[in-house]
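Quick notes on the structure that follows.
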Amino acid sequence: MFATAPSVVPLIKAGQLNAIAVSSKKRISAMPDLPTLNELGVDIATGAWFGLFAPTGTNPEIVKKLNETVVSILEEPMIRQKLLSLGADPITMNVSEFTKFVRNDYAMWAPIVKASGAKPE
């Protein structure tokens, strides 16, 4: 199965699941001995990500302040260490970087979803 690292790393560490590899481009810090799929010869590199969104038309100053607040929280050593221990490698971006990231991710996955014939239900 494919799952987000934070949802399975505790189970793997407890011996309740056996991990084969991670699908991300690089190994995760919570399990540095676990190879990537690319390292095993499977040509794929993808992963789950989490982001904070606001409704279209939200005042740009509010969006900027929310972004700065979230970035400062994720840079707190205790928060960062907890996330890392769960297999979540926090990456922070400013608003324009995140907008570009989301657009690129959409551009990558949109043709795949369209080709699959999947429809929202």
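The values are calculated or read from the model by the stated rules, or taken from the named source; none is laboratory data. Predicted, not measured: the structure shown is a model, and the values here were computed from it. Positions of Cβ are generated from backbone atoms using ideal geometry, with glycine treated the same way; all protein chains shown enter the neighbour counts.
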Tabulated pairs, the range 93-106, first in the same structural domain as L74 (by TED's automatic domain parsing), second aliphatic (A, V, I, L, M), C-beta under 6 angstrom, 6+ apart or interchain = V95/V63
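In the set A19, A54, A14, which member is in the same structural domain as M1 (by TED's automatic domain parsing) and surrounded by 13 or more Cβ atoms within 10 Å (Cβ to Cβ)? Full working, then the answer.
Working: A54 fails: in the same structural domain as M1 (by TED's automatic domain parsing); A14 fails: surrounded by 13 or more Cβ atoms within 10 Å (Cβ to Cβ).
Going through A19, A54, A14 in turn, the sole match is A19.
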Could you list, in sequence order, the residues of the range 102-113 that are more than 13 Å from F53 (Cα to Cα) and surrounded by 11 or more Cβ atoms within 10 Å (Cβ to Cβ)?
-> D105, W109, V113
